[in-house]
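**Student:** Before I ask anything, let me first share the structure, which is written out below as structure tokens.
Every number in this text was worked out from the coordinates using simple rules, so none of it is lab data. Quick caveat: nothing in here was measured; it's all calculated off a predicted structure. Neighbour counts are summed over all protein chains in view; Cβ atoms, including those assigned to glycine, are modelled from backbone coordinates with ideal geometry.
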């Protein structure tokens, strides 16, 4: 990758790569963490067993299901004093505000994708991912578009990850200027 996040003028940063399931949060989050030299926090790893079972059975999570999960993610982010990259759907403004309360300097990269593209990606997943493709529609129904919120960069999920990393780097540098 050509972006060089290490030792730049922006200092410590905390990021959330957000969007609906299938948008590519893990791929972009991993690439950003590697380029920035920051730890990657996979939001899915913090779901309690009850949440995983619900999603596996095609039952959408509600605000109560997500509350403890978001709290744990905020603690995990704040524990990394030099910054971190978190992958998290962060579908509602209230969810993003919970994370912002833990780390006020938090920045979000919103991966924009169409419902058809997201469904196709989720259906193509191999292995034991617990998210049922039947839940993609519920994610779009829950999504409160963060475009226009302070500290949010919308990016097209269909672009190559290397291009997205360059976009994030350019945005980060513009914020530091």
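**Student:** Could I have the simple spin-label model distance between residue 67 and residue 94, label points 7 Å from Cα toward Cβ, reported in nm to one decimal?
**Tutor:** In this crude label model, residue 67 to residue 94 measures out at 0.9 nm.
**Student:** Most exposed first by the Cβ proxy, i.e. fewest other Cβ within 10 Å, how do 164, 119 rank? Don't skip to the end; give the middle numbers.
**Tutor:** On the way: 164 24, 119 20.
Going from sparsest to densest Cβ surroundings: 119, 164.
**Student:** So for the chain, Kirkwood radius off the Cα pairs, Stokes-Einstein at 25 °C and 0.890 mPa s: how many µm² s⁻¹? Walk me through the numbers before you get to the answer.
**Tutor:** Numbers: Rh = 16.3 Å.
Rounded to a whole number, D works out at 150 µm²/s.
**Student:** Multiplying the sequence separation of residue 170 and residue 145 by 0.36 nm and subtracting their Cα-Cα distance, what value in nm do you get?
**Tutor:** Details: separation 25, 0.36 × 25 = 9.00 nm, distance 2.21 nm.
Stretched out fully, the residue 170 to residue 145 stretch lengthens by 6.8 nm.
**Student:** Please give the calculated 222 nm ellipticity per residue for the chain, where each DSSP H segment of at least 4 residues contributes -39500 (n - 2.57) and the sum is spread over every residue; nearest 500 deg cm²/dmol? Write down the numbers at each step before the final one.
**Tutor:** Values: 7 runs with 79 residues, N = 177.
It comes out at -13500 deg cm²/dmol, rounded to the nearest 500.
**Student:** In what order do 152, 165 fall by count of nearby beta-carbon atoms within 10 Å, going from fewest to most?
**Tutor:** Values: 152 18, 165 22.
Ranked by crowding around the Cβ, least crowded first: 152, 165.
**Student:** Can I ask one more? Counting other C-beta atoms within 10 Å, which of 166, 96 has the fewest, and how do the rest follow? Could the numbers behind the result be given before it?
**Tutor:** Values: 166 16, 96 23.
Ranking 166, 96 by Cβ neighbours within 10 Å, fewest first, gives 166, 96.
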